[in-house]
Amino acid sequence: MTEPPTPCARCGQPMVMSRQAPPGVRRHKSRRLCTSCYPRVLERGELECYPRLRRSSDNVLEEYQHLHEQGIRSRAVLASRLGLSPGALSTLLWRARRAGDERAEKPLTRRDRL
Ligand SMILES: [Zn+2]
C-alpha cells in the first residue's frame, strides 16, 4: 500500500501514515504530527492544539447508545454507522464492558436480521 505523503501539521514535512516508511521519509506518530514533532509538542504541553484523528471511545459509545435506542441491533449496521469495522466495534464494547460502562451492556445480534 502506498499512500501519498501527508504534510506534518507542525513542520510541514511530508510523512507517511503507515508504520513502515522508506529511509529518509518521516512517519506519522499521532494527531497529524510526525515522529520528530510529536515528542516536542508533548514536551511543551501543546498536544491539545492538535486534535485527535480518531474519536474517543466515549464519543463512540454515546452515539452507539443513541443508535441502539433507535432499535438498531445489527452489529454490522451499527459498526458501519459509527464508521468502524465490526471487529473494532466489538473490541471497543468489550473494553467498555470490562471497564463497567453500562452503555456497552446492550444486546447485539451477530448477523443481520430483517
Ligand atoms: Zn513534523
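Bear in mind that the values in this text are calculations on the coordinates, not laboratory data. Bear in mind that the values here come from a model prediction, so they are computed numbers and not experimental data. Positions of Cβ are generated from backbone atoms using ideal geometry, with glycine treated the same way; all protein chains shown enter the neighbour counts.
Taking a ≥ b ≥ c as the square roots of the Cα gyration tensor eigenvalues, the range 57-104 comes out oblate, since a/c reaches at least 1.5 and a/b does not exceed b/c.
Between Asn59 and Arg27, the FRET efficiency from the beta-carbon distance, with R0 = 35 Å, is close to 0.85. Under a Gaussian network description of the chain, with springs only between Cα atoms under 10 Å, the residue in Leu61, Leu89, Leu53 that fluctuates furthest is Leu53.
Applying 0.36 nm per residue to the separation of Ala88 and Cys49 and subtracting their alpha-carbon distance, the gain on full extension is 11.3 nm.
Pairs of Cα atoms nearer than 8 Å and 6+ residues apart set the relative contact order; for the range 10-56 it is 27 percent. Computed about its Cα centre, the charge dipole of the chain is approximately 380 debye, with only Lys, Arg, Asp and Glu carrying charge at their Cβ.
With both labels modelled 7 Å from their Cα along Cα-to-Cβ, the Arg40 to Ser80 distance reads 4.4 nm. The mean sequence separation of alpha-carbon pairs under 8 Å and at least six residues apart, normalised by the residue count of the chain, gives a relative contact order of 16 percent.
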